[in-house]
Structures are given as structure tokens and as C-alpha cells.
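> The structure's right below; bear with me while I get my questions together.
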Amino acid sequence: MKCQQNNPPKRYSVFASWYDVTRSELNKFLAVLINIGIQNKPSIKNYWSTAYEDPNSGQAIRIFSTLLKSLDCGHHIFADRYYTTKPLIDKLTADKYLFTGTLNLNRRGFPPQLKQQRLAHLESRYYMSSDDKTLCVAYKGKKAKKEVVLVSTDADISSAPTKKADIRNIGKYCCRASDTSEITETCNRSAISKNE
């Protein structure tokens with residue numbers, strides 16, 4: 001205070017824009033400091049941020065939300081098995097993105113038959129969600145020890161030959177699940193449309 005009276009700040013000095021703090025402003029500042037001690041956040045910027053962040057959303061949703069800020073809807077997103085979760089697929093579908101990715105078998109929200117199934121070599125099984133938006137495909141390759149599970153929101157059940165030896169199997173569609181009524185109808189519709 002004494003310094004200000006004897007040496008007033010220069011015109012372009014940082015201190016020229018300063019003003020005395022009111023009691024109300026000081027109380028607000030102390031409240032923020034107390035809140036910082038109670039509520040831990042990863043960065044100091046997050047205490048003053050107005051961006052909405054759902055604490056219940058998983059890390060995959062937060063990562064994809066950050067990455068997709070600059071993209072319009074309608075893109076097809078591909079992901080590794082570490083990021084594929086049912087809440088992420090639901091959020092991307094709601095935001096009008098398409099999704100395809102491999103799947104960890106222990107993820108929640110996917111058919112429980114995926115965990116117990118034992119596939120023979122070159123065998124595949126299809127599982128469609130009840131709302132017909134998500135398709136899970138389990139496939140075991142010729143030399144593979146474990147099956148690969150693929151999840152997609154932009155897929156249909158059909159198979160195509162990849163080698164001359166597979167041409168004789170072109171009409172066979174393997175659809176097995178506990179509730180096979182919906183899946184079998186989908187497979188049959190797909191098989192009929194491919195044969196026409």
C-alpha cells in the first residue's frame with residue numbers, strides 16, 4: 001500500500017490493471033481453495049472448467065469424446081479390444097458414428113455365450129443384439145489357438161469364399177445362440193438375398 005502511494009505504476013505496467021479485492025471476492029477465493037483440498041482433480045484447470053464431464057463414463061468414452069470433437073458424425077471408427085465396451089458403442093451409435101472393433105471376452109453387456117463357446121477351426125458364430133444394432137462375430141482361424149471376436153454396428157451376416165477350396169461352403173451359414181429365433185431369421189434373410 002505504501003509502495004503504491006509513493007511509486008504509482010507506469011501506464012503499461014501489469015500492476016496498473018490491479019484493484020483492491022472486496023471481502024466477497026476473497027471469500028470466494030478461499031472457498032475454491034478449500035474445494036481443491038476436498039475434491040481431487042487431475043489438473044488445476046478442471047476446477048474452473050465449465051465443460052461437462054460425466055464421472056460415471058469410462059476412460060474409453062472420455063478418450064473417444066476428446067478425439068472425435070473435430071469430426072462430424074457418420075465416420076466409421078475402428079478400435080482395439082482394450083477400448084471396446086458396450087457404453088462406448090451405445091454412445092457412438094447415439095452420436096451417429098459407426099463402430100467396429102475386436103472384443104475382450106470378459107466385457108459386460110455382450111452375449112454370455114461368448115465366454116463358454118468352443119469353436120472348431122474355420123467355424124464362426126453370430127450374435128445379434130436385441131435392438132438389431134450390434135453384431136458380434138466369433139471366428140476361429142485355421143491355425144489359431146483362440147477365437148477372435150469382432151463387434152460391429154455396420155455389418156450383416158454373410159460369408160464369402162476366400163479360396164477356391166471354400167467355394168463349396170458358400171451356402172452354409174452358421175448361426176448358433178441361446179435365443180436363435182432372431183438370429184436364424186436374420187441368417188436366412190441374408191442367405192436368401194445372397195443366393196438370389
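> Here is the link list: Lys86/Lys140; Lys86/Lys142; Lys69/Lys91. Which ones come out longer than 19 Å on Cα distance?
Pairs exceeding 19 Å: Lys86/Lys140; Lys86/Lys142.
> Once the Cβ-Cβ distance between Thr102 and Gln39 is put in as r, and R0 is 30 Å, what FRET efficiency do you end up with, to the nearest 0.05? List each step's numbers first, then the result.
Values: r = 37 Å, r/R0 = 1.22.
The computed FRET efficiency comes out at 0.25.
> Quick one: length gained pulling Ala31 to Asp80 fully straight, 0.36 nm per residue minus the C-alpha distance?
Contour length minus the Cα-Cα distance gives 13.3 nm.
> Gain in length, His121 to Leu68, computed as 0.36 nm per residue apart minus the alpha-carbon separation, to one decimal in nm?
Contour length minus the Cα-Cα distance gives 15.3 nm.
> Mind giving me the FRET efficiency for Lys145 and Asn46? R0 is 35 Å, r the Cβ-Cβ distance, nearest 0.05 is fine. Mind showing how you got there, number by number?
Details: r = 45 Å, r/R0 = 1.27.
My answer for the efficiency is 0.20.
Any read-out appearing in this document is the output of simple, stated calculations on the displayed coordinates, not a laboratory observation. Source: prediction; values computed, not measured. With ideal geometry, Cβ positions are generated from the backbone for all residues, glycine too; neighbour counts draw on all protein chains shown.
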